[in-house]
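K.L.:
Quick one: structure below, then a few questions.
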Amino acid sequence: MSKELPPEDLLNRMARQDVAALGELYDRYAPRVYGLITRILPTPEAAEEVLQEVFLRLWSEGRSLSQEGGSVVAWLVVSARAAAVDRLRGLPPGGPIASPRVDKARIVKAPDASARKAKGAAAVKSLEGKPEALKPRPAEGAATPAKRPFPPAWLPLPKEITLIDDRLMLLHKAINQLPEPQRQALDLAVYGGRSGAEIGTEMGEPLGKAQRSLRAAVTFVKHRRRAVCGTWAANI
Amino acid sequence: MGCQHLEELHELWLLGALSEQSSRDLREHLARGCPHCLARVREATEMVYLLGLGSKPARPHPRVKAQLLNKVSHKTAPHG
């Protein structure tokens with residue numbers, strides 16, 4: 001029985017210009033990455049472009065990634081999410097950290113802003129499994145982000161990601177225990193790339209309440225992850 | 001400058017949900033090499049990974065892989 005090569009071994013091969021290794025990484029992780037991208041972007045065409053963009057960047061950045069020893073699958077998922085969110089916002093490709101929204105006045109003036117507000121929670125609800133609910137933003141409303149290479153030193157180690165993968169069902173079960181408003185706020189941030197202010201607008205809630213919901217959700221998940229993965233820290 | 005005021009922001013920053021000012025504060029702090037915040041960013045990356053896996057896997061059209069490998073092969077092909 002042949003044993004599957006660890007992804008980091010494939011990354012090392014890919015860093016030495018091995019096209020077949022890139023193909024193996026793609027076969028292994030494209031469904032996971034594409035599933036995330038299609039939840040964020042409204043059309044398959046845009047999702048396919050972003051998928052390809054992410055793997056092309058993996059190819060070009062593979063050498064630095066392999067030298068640092070970080071998790072390649074974490075890089076793929078985080079980079080894919082950020083690239084898809086930037087595409088949703090109408091921004092040019094920037095980097096794996098989704099750009100913060102910088103011009104709130106333009107958000108309010110966006111053509112579909114009032115309609116989204118009126119729909120409130122119903123619009124949020126429709127996000128689940130229906131990425132078409134999220135319309136691409138007009139490019140004119142967004143600031144062009146600086147190029148933001150994701151330092152490989154920011155990546156968790158492969159063993160830390162393996163721990164998450166092994167306990168994924170348990171972790172998602174914990175996330176599903178979030179109170180509904182917090183869960184909606186988190187979904188809007190993760191899959192819609194929304195800021196606290198935008199989440200308030202979409203959920204029809206005051207800014208402060210929306211921001212508190214989002215922060216509470218993030219804190220809840222962070223602490224659950226620490227507990228489930230055995231890395232509970234003292235600063236809670 | 002300490003970083004207690006940044007403690008709860010690393011995940012929001014990676015999600016792109018922070019204001020521009022808070023993002024700038026965190027970026028500048030990280031650029032100064034704070035080991036605590038570096039560890040927190042790694043932890044935040046784990047969390048974004050975890051949240052990103054909340055969507056169901058989907059199989060892209062085979063054409064996407066073919067195009068990808070074709071582009072990469074052209075980049076690596078010896079010239080001349």
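Read-outs throughout are calculated quantities, based only on the coordinates presented, and are distinct from any laboratory measurement. Note that the coordinates shown come from a computational prediction; the quantities given were computed from them, not determined experimentally. Cβ atoms come from the backbone with ideal geometry, glycine included; neighbour counts cover every protein chain shown.
K.L.:
Would you mind getting the Kirkwood hydrodynamic radius of the stretch A:13-98 from its Cα pairs, rounded to one decimal in Å?
P.N.:
12.9 Å
K.L.:
Something else about it: Take peptide B:60-68, look around each residue's Cβ out to 10 angstrom, count Cβ atoms belonging to other protein chains, and average those counts.
P.N.:
What the average comes to for B:60-68 is 6.
K.L.:
A:Gln177 versus A:Gln17, label points 7 Å from Cα toward the beta carbon: distance in nm?
P.N.:
Inter-label distance under the simple model: 5.3 nm.
K.L.:
Using the basic label-point model (7 angstrom from Cα toward the beta carbon), what is the B:Gln67 to A:Thr219 distance in nanometres?
P.N.:
Label at B:Gln67, label at A:Thr219, 4.5 nm between them.
K.L.:
Something else now. In chain B, if the dipole is taken from +1 on Lys/Arg beta carbons and -1 on Asp/Glu beta carbons about the Cα centre, which of B:Leu51, B:Leu38, B:Leu18 is farthest to the positive end?
P.N.:
B:Leu51
K.L.:
Something else about it: Let me know the mean shielding of A:167-179 by other chains, meaning the per-residue number of their Cβ atoms within 10 Å of its Cβ. Can you show the working numbers first?
P.N.:
Working: counts 1, 3, 0, 0, 5, 4, 0, 1, 3, 1, 0, 0, 0.
Mean inter-chain Cβ contacts per residue within 10 Å come to 1.
K.L.:
Taking the Cα centre of the stretch B:4-76 as origin and charging only Cβ (+1 Lys, Arg; -1 Asp, Glu), how large is the dipole, in debye to the nearest 20?
P.N.:
Details: 11 positive and 8 negative charges, 166 e Å.
That gives the stretch B:4-76 a dipole magnitude of about 800 debye.
K.L.:
For the stretch B:4-76, what's the relative contact order in percent, using C-alpha pairs closer than 8 Å and at least 6 residues apart?
P.N.:
RCO, the stretch B:4-76: 34 percent.
K.L.:
Still on this structure, I have one more. Taking the mean number of other Cβ atoms within 10 Å as a proxy for protection, how do you rank A:43-56, B:42-55, A:162-175 from highest to lowest?
P.N.:
The densest-packed peptide leads the list: B:42-55, A:43-56, A:162-175.
K.L.:
Separate question: Could you check the spin-label model distance between A:Glu4 and B:Glu7? Points 7 Å from the Cα along Cα→Cβ, value in nm.
P.N.:
With each label placed 7 Å out from Cα toward Cβ, I get 3.9 nm.
K.L.:
At a Cα cut-off below 13 Å, give the aspartates and glutamates reachable from B:Lys75, other chains included and same-chain residues fewer than 8 away excluded.
P.N.:
Partners found: A:Asp18.
K.L.:
Nearest 10 degrees, 0 to 90: what angle lies between the long axis of helix B:62-76 and the longest principal axis of chain B (Cα atoms)?
P.N.:
For B:62-76 against chain B, the angle is about 90 degrees.
K.L.:
Is there a pair in A:Lys173/A:Lys222; A:Lys173/B:Lys56; A:Lys209/B:Lys56; A:Lys3/B:Lys56; A:Lys222/B:Lys56 whose C-alpha atoms are over 23 Å apart, and which pairs would that be?
P.N.:
Check vs 23 Å cut-off fails for A:Lys209/B:Lys56; A:Lys3/B:Lys56.
K.L.:
Now for a separate question. Let's test the formula: R0 of 22 Å, r as the Cβ-Cβ distance of A:Asp27 and A:Arg63. What FRET efficiency results, to the nearest 0.05?
P.N.:
0.55
K.L.:
Could you please rank B:His10, B:His74, A:His223, placing first whichever residue has the fewest other Cβ atoms within 10 Å of its Cβ?
P.N.:
Ranked by crowding around the Cβ, least crowded first: B:His74, A:His223, B:His10.
K.L.:
Taking each residue of B:27-38 in turn, how many C-beta atoms of other protein chains fall within 10 Å of its C-beta, and what is the average?
P.N.:
Values: counts 3, 0, 0, 2, 0, 0, 0, 0, 0, 1, 0, 3.
Mean number of neighbouring Cβ atoms from other chains: 1.
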